[in-house]
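S.K.: What follows is a structure written as structure tokens; I'll ask about it next.
Computed from the coordinates by the stated procedures, all read-outs in this text should not be read as laboratory data. Everything quoted here is computed from the prediction, not taken from an experiment. In this analysis, Cβ positions are derived from the backbone assuming ideal geometry, glycine residues included, and neighbour counts consider all displayed protein chains.
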Amino acid sequence: MKRQLLAVCFAFAAMLMLVGVSTTANAKDLSGQLEIFSWWAGDEGPALQALIDLYSKANPNVEVVNATVTGGSGVNAKAVLKTRMLGGEPPDSFQVHAGQELIGTWVEADRMEDLTFLFKEQGLMDAFPDGLVKLIGTDEGIWSMPVNIHRSNVVWYVPGNLEKWGVKAPTSWDEFFAIAPKLKEKGIVPLALAQNWTANHLWESVALAAVGPDNWDALWSGKLAFDSPEGVKAWELFGKVLEYTNDDASSLSWQQATDMVVDGRAAFNVMGDWAAGYLSTTKKLVPGKGFGWAATFGTDGNFMFLADSFGLPKGAPNRDNVLAWLSLLGSKDGSDAFNPLKGSISARTDSDLSKYNDYAKSASADFGKDIIVGSLAHGVTANEGFMNDFAAVMEMFLKSRDAAAAASAAQQIAVKNKISM
Ligand code: GAL
């Protein structure tokens, strides 16, 4: 009898333990803190704040610490995160791009918790496109919760300004080169550029136009060398494009380059569609009237994408609070509160498009029909090692404008970082 009782107790305890590790706690029971680490500071903050508000409403006893490190595309945040992760002080949850930035860095280093149980528990196994799940997963697990899909290859302009200057939005770089000198003569910067990461951002759009989507993919699967004739062509075209950018680029934030377009100091700016969030949420401009957009010249029919996601690092101080956070990010309500403000589309396949503006509706339609390729500048195609080395190659090119030398240096770093043989 005693033995039987013991066995029952043991089974019950084991069940509780199982439940404890694999399910989320009741929202009302949650307390303590939740530190969310990202680079969505200042003008980039409203969409994140909408999520935090929803979280706080559902979990009133949790104190949310919104830890941001300013700097577009995470230029500064990623370095701070690295120090904290390596120092054994991970934030509860942090922003990370789906793709190699996540898998080739934190997953490879065994610093993340597998979220498969949470995906199952929240009914998320089929909520996202297959291609995206492949980017946040490995054979061993699913490693982050995606919050959005951003498009990288977009060019922004103000329709009224183009009309005033008597030009149309080009569809190819040749068309751009035909109107750029005329704009310059009028004292208008043809293409606004900001600090160096935005040069990487511009490069990926230009390279896609130069080599096409198949070759773009082939660069990342190691089938096409960066110093091939196609690779050199990308740098040559990029060099030509740079001739029509502003001299003070390196001192500007991405928002300041967008402002140049809004203020009529520049005609175009190539930026991801967080610019749509900035233009509509912060600047209160109406899509289609206050600002216009097109696929970056020569890339129509291609959707260069990236996705922001959040993960659960091993050793996160407030694990249960993180699970509630990640569940919210993956939910339809969370996603449709965040993305309309952010400029991105939902990562879920069932989002409520009536909540989105005309820009997002057009991005969503393109995502459904375009050729999808991954972004280099925002973590999809290459690991951090390559990204850091690529920044140095870019620095070199911005000074030397030597396409052959840049292509050869890019090939060397591709070999070093195991992208190319
Ligand atoms: C990207 C990120 C976007 C946006 C942008 C500018 O890397 O995915 O969500 O924040 O940087 O900072």
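S.K.: Scaled to the compact-protein estimate 2.2 N^0.38 Å, what is the alpha-carbon radius of gyration of region 50-103, rounded to two decimal places?
M.R.: Ratio of Rg to 2.2 N^0.38 Å for region 50-103: 1.32.
S.K.: Compute the long axis of helix 77-86 from its Cα atoms, compare it with the longest principal axis of the Cα atoms of the chain, and write down the angle in degrees, 0 to 90, nearest 10.
M.R.: 30 degrees
S.K.: Enter the mean projected area of the convex hull around the alpha-carbon atoms of region 74-167, in nm², rounded to one decimal.
M.R.: Numbers: hull surface 36.6 nm².
Projected area, direction-averaged: 9.2 nm².
S.K.: What is the spin-label model distance, in nm, from residue 63 to residue 83 if the labels are put 7 Å beyond Cα along the C-beta direction?
M.R.: For the pair residue 63/residue 83, the computed spacing is 2.3 nm.
S.K.: Tell me, what ³J(HN,Hα) does each residue in region 378-393 have, in order and in whole Hz, if you take phi through Karplus 6.51 cos²θ - 1.76 cosθ + 1.60 with θ = phi - 60° and put x for Gly and Pro?
M.R.: Residue by residue, region 378-393 yields 10, x, 7, 8, 9, 6, 4, x, 4, 4, 5, 5, 5, 4, 5, 4 Hz.
S.K.: To the nearest 10 degrees, how steeply does helix 229-242 sit against the main Cα axis of the chain, on a 0 to 90 scale?
M.R.: So the helix axis and the longest Cα principal axis differ by about 70 degrees.
S.K.: Sequence gap at least 6, Cα distance under 8 Å: using those rules, report the relative contact order of region 227-369 to the nearest whole percent.
M.R.: Computed over region 227-369, the figure is 22 percent.
S.K.: I'd like the Kirkwood hydrodynamic radius of region 216-343, using the inverse of the mean 1/r over distinct C-alpha pairs, in Å. Walk me through the intermediate numbers first.
M.R.: On the way: mean 1/r = 0.0544 Å⁻¹.
That comes to 18.4 Å for region 216-343.
S.K.: What are the radius of gyration and Dmax of region 248-310, computed over its Cα atoms and given in Å?
M.R.: Computed over the Cα atoms of region 248-310, radius of gyration and Dmax are 12.6, 37 Å.
S.K.: Which log10 I(q)/I(0) values, to two decimals, does the chain give at q = 0.06, 0.09, 0.10 Å⁻¹ under the Debye formula with one point per Cα?
M.R.: Values returned for q = 0.06, 0.09, 0.10 Å⁻¹ are -0.26, -0.56, -0.68.
S.K.: So what's the gap between the Cα centers of region 120-196 and region 228-255, to the nearest angstrom?
M.R.: Distance between centres, Cα-based: 16 Å.
S.K.: Moving on. When you count, for each residue, the other Cβ atoms within 10 Å and take the mean per peptide, how do 98-109, 181-192 rank with the highest first?
M.R.: Working: 98-109: 21.9, 181-192: 17.0.
Ranked from most to least packed, the peptides come out as 98-109, 181-192.
S.K.: Based on Cα positions only, what radius of gyration and what Dmax would you give for region 31-78, in angstroms?
M.R.: Taking only Cα atoms of region 31-78, I get Rg and Dmax of 11.5, 33 Å.
S.K.: Shifting gears a bit: Return the percentage of antiparallel bridges among DSSP beta bridges fully within the chain, rounded to the nearest 5 %.
M.R.: On the way: 18 of 36 bridges.
Expressed as a percentage, antiparallel bridges in the chain total about 50.
S.K.: Residue 305's amide H: which non-local residues (gap 5+, or another chain) put their own amide H closer than 5 Å, with H modeled 1.01 Å from N in plane and none for Pro or chain starts?
M.R.: Here the answer is 152, 373, 374, 375, since their amide H atoms fall under 5 Å of that of residue 305.
S.K.: About its Cα centre, what dipole magnitude does the chain give when the only charges are +1 on Lys and Arg Cβ and -1 on Asp and Glu Cβ, stated in debye to the nearest 20? If you can, show how the numbers build up before the last one.
M.R.: Numbers: 35 positive and 48 negative charges, 80 e Å.
Here the size comes out at about 380 debye.
S.K.: I've got another one for you. Length gain on complete extension for the stretch residue 399 to residue 53, per 0.36 nm per residue less the alpha carbon to alpha carbon distance?
M.R.: Values: separation 346, 0.36 × 346 = 124.56 nm, distance 4.54 nm.
Stretched fully, the residue 399-residue 53 segment lengthens by 120.0 nm.
S.K.: With the radius of gyration and the Kirkwood radius both derived from the Cα set of region 305-421, what is their ratio Rg to Rh? Before the final figure, lay out each step's value.
M.R.: Values: Rg = 19.1 Å, Rh = 17.4 Å.
That ratio equals 1.10.
S.K.: Still on this model: Just the Kirkwood number for region 103-256, please: inverse of mean 1/r across all distinct Cα pairs, in Å, one decimal.
M.R.: Numbers: mean 1/r = 0.0530 Å⁻¹.
Evaluated on region 103-256, it is 18.9 Å.
S.K.: Also: May I ask you to evaluate 6.51 cos²θ - 1.76 cosθ + 1.60, the Karplus curve with θ = phi - 60°, for each residue of region 192-202 and list the ³J(HN,Hα) values in order in whole Hz, giving x for glycine and proline?
M.R.: Residue by residue, region 192-202 yields 6, 10, 10, 4, 4, 5, 6, 5, 4, 4, 5 Hz.
S.K.: I'd like the Karplus ³J(HN,Hα) series for region 111-126: coefficients 6.51, -1.76, 1.60, θ = phi - 60°, whole numbers in Hz, and an x wherever there's a Gly or Pro.
M.R.: 9, 10, 8, 5, 9, 3, 4, 6, 4, 5, 4, 8, x, 9, 4, 10
S.K.: Another one. Collect residues whose amide H, placed 1.01 Å from N in the peptide plane, falls under 5 Å from the amide H of residue 142; neighbours closer than 5 in sequence don't count.
M.R.: 115, 116
S.K.: How would 331, 172, 205, 221 line up from fewest to most surrounding beta-carbon atoms within 10 angstrom? Present the calculation step by step, with values, prior to reporting the outcome.
M.R.: On the way: 331 18, 172 13, 205 28, 221 10.
Fewest-to-most Cβ neighbours within 10 Å comes out as 221, 172, 331, 205.
S.K.: Over the chain, what is the mean sequence separation of C-alpha contacts under 8 Å (at least six apart), divided by residue count, expressed as relative contact order in percent?
M.R.: Working: 728 pairs, mean separation 110.9, N = 421.
For the chain, the relative contact order is 26 percent.
S.K.: For every helix of n ≥ 4 consecutive DSSP H residues, a contribution of -39,500 (n - 2.57) applies; sum these over the chain, divide by its total residues, and give [θ] at 222 nm rounded to the nearest 500 deg cm²/dmol. Could the numbers behind the result be given before it?
M.R.: Numbers: 16 runs with 195 residues, N = 421.
Calculated at 222 nm, the ellipticity per residue is -14500 deg cm²/dmol.
S.K.: Let me ask something else about it. Determine the gain in length on full extension of the stretch residue 140-residue 256; use 0.36 nm per residue of separation and subtract their C-alpha separation, reporting nm with one decimal.
M.R.: On the way: separation 116, 0.36 × 116 = 41.76 nm, distance 4.22 nm.
Gain on extension, residue 140 to residue 256, equals 37.5 nm.
S.K.: Using the basic label-point model (7 angstrom from Cα toward the beta carbon), what is the residue 412 to residue 300 distance in nanometres?
M.R.: About 4.0 nm, to one decimal.
S.K.: Can you give the Rg/Rh ratio of region 138-220, where Rg is from the C-alpha atoms and Rh is the Kirkwood radius? Each step should come with its number before you reach the end.
M.R.: Working: Rg = 17.4 Å, Rh = 15.8 Å.
Using only Cα positions, Rg/Rh for region 138-220 is 1.10.
S.K.: In addition: Okay, which of region 300-338 sit inside 20 Å, backbone N to the point 7 Å along the Cα-Cβ direction of residue 31?
M.R.: Counting backbone N atoms under 20 Å from the label point, the list is 317-325.
S.K.: Same structure, new question: Taking H as built 1.01 Å from N, whose amide H comes closer than 5 Å to the amide H of residue 65, not counting residues under 5 places away?
M.R.: Hits under the 5 Å cutoff: 34, 35, 36.
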